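Single-structure report; data block below.
Bear in mind these aren't lab numbers, they're just calculated from the coordinates by the rules spelled out. A quick note: this is a predicted structure, and the numbers were derived from the prediction, not measured. All Cβ positions, glycine included, derive from the backbone under ideal geometry; neighbour counts span all protein chains shown.
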Amino acid sequence: MTLAVLLTALIPFYACKAQTTAAATPASAEVTTTLTPDIGGIKQVVEIKTDDANKPVLLFLSGGPGSSMIKGADAFTNLLKSRFTIVQWDQRDAGKTLKLNPSPTQPSVGQMEQDTYQVIQFLRKELKQDKIYLLGSSWGNVLGFDIVKRHPELLHAYFASNPVVSQLESEKELLQALKVHFKDNAVASQELNSISFPFASDESMFYLRKWLFYKDGKAFATSEGFKTGFLQWSKTWSPVWNEVMNIDLPKTLKSVDCPVYFFVGKNDIQTSTRITQAYFDTLKAPRKGLFFFEHSGHQIHQDEPVQFQEAIIKTLDATAKP
């Protein structure tokens, strides 16, 4: 492809007042473009990396809520970029979008599901592609499975990484696992025994995450600074997470109309591996697959980035078949 052809393919980006981090470069070089389309009434940051805008789009839906996957994304997309146009999106009240403009309203699941749909429609128009690939990480699957349910015609396939499936059941399972693990720790036992569902307070949710993170080797989880930060996060996001606690996909989404692939960390206790596998077994789909990652917890893309990307690429030939 000549440079002229590449720039022609990227022209739609600039219609959205793009900020590009690449100047005139050889045609084979990667081009990174940051766009700020109006999504849900605010400017939201969408980053596109490609060396050929005709490659199929892979949009990542970050975990959290309130988190961003943009920083450090090269570590888990360096193989994928040979097959996809990589798109990262900082959701409402997260990352670069938050810095650009805070949400004028309290975020909700429904609002962010609509944001997701608008981002996909924006990408389809800008990149002139009828369908995209979509990947949800943890909380991102709340948004992703809504698209799978309501708009499967927009997707080549959906990738569900450590997904939220039946979150209340998963939280209860997590609490029991932590109680067993910390049975000889008086402070942990006292705090964990104070937790009930639904969460009575933000502090109750904090105790569950505090001891989960501490079990995972994050010593900072017992610091006052972490508690302060978590409770600040919860002012925005605990209402959203209380909505998430009502999600039960085995009851509300028993069949889908697009290929679906599940990626599960065998050591994940934040979103139950058992619950995810049981859901996969019963879910009806035109094509589906389940990939286990032996050395991963809740962040497969960080724990096993090469294997994570190889699993995605492995699905492409199967998805392309009639």
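Brief remarks follow.
- Dipole moment magnitude, nearest 20 debye, the chain about Cα centre, only Lys, Arg, Asp, Glu C-beta charged: 340
- Under 16 Å of direct C-alpha separation, and excluding same-chain neighbours fewer than eight residues apart, K235 reaches these lysines: K227.
- Close amide H partners of I132, meaning residues 5 or more places away or on another chain with modelled amide H under 5 Å apart, are L155, H156.
- Neighbourhood charge, 14 Å Cβ-Cβ cut-off, centred on Q111 and excluding it, Lys, Arg +1 and Asp, Glu -1: -4
- From least to most packed, judged by other beta carbons within 10 angstrom and beginning with the fewest, W233, W89 follow the order W233, W89.
- Listed candidates [x] 20.0, 67; [y] 22.4, 83; [z] 30.2, 116 - label of the one calculated as Rg and Dmax of the Cα atoms in Å: [x]
- Under 5 Å between amide hydrogens, built in the peptide plane, is the criterion, and for W139 it picks out G64 among residues at least 5 positions away or on other chains.
- A simple spin-label model places pseudo-atoms 7 Å from Cα toward Cβ; at T105 and N193 they are separated by 4.4 nm.
- Among Y261, P56, F308 - extreme Cα towards positive end, dipole of the chain, charges at beta-carbon: P56
- Spatially proximal aspartates and glutamates relative to K183 (Cα-Cα < 15 Å; intrachain offsets below 8 disregarded): E191
- Estimated distance in nm for a label pair at T282 and K43, the labels positioned 7 Å out from Cα along Cα-to-Cβ: 4.7
- For the residue pairs K55/K314; K55/K284; K71/K314, the C-alpha atoms sit more than 20 angstrom apart in K55/K284; K71/K314.
- Net +/- balance of residues flanking D52 in space, Cβ distance below 14 Å, scoring K and R +1, D and E -1: +3
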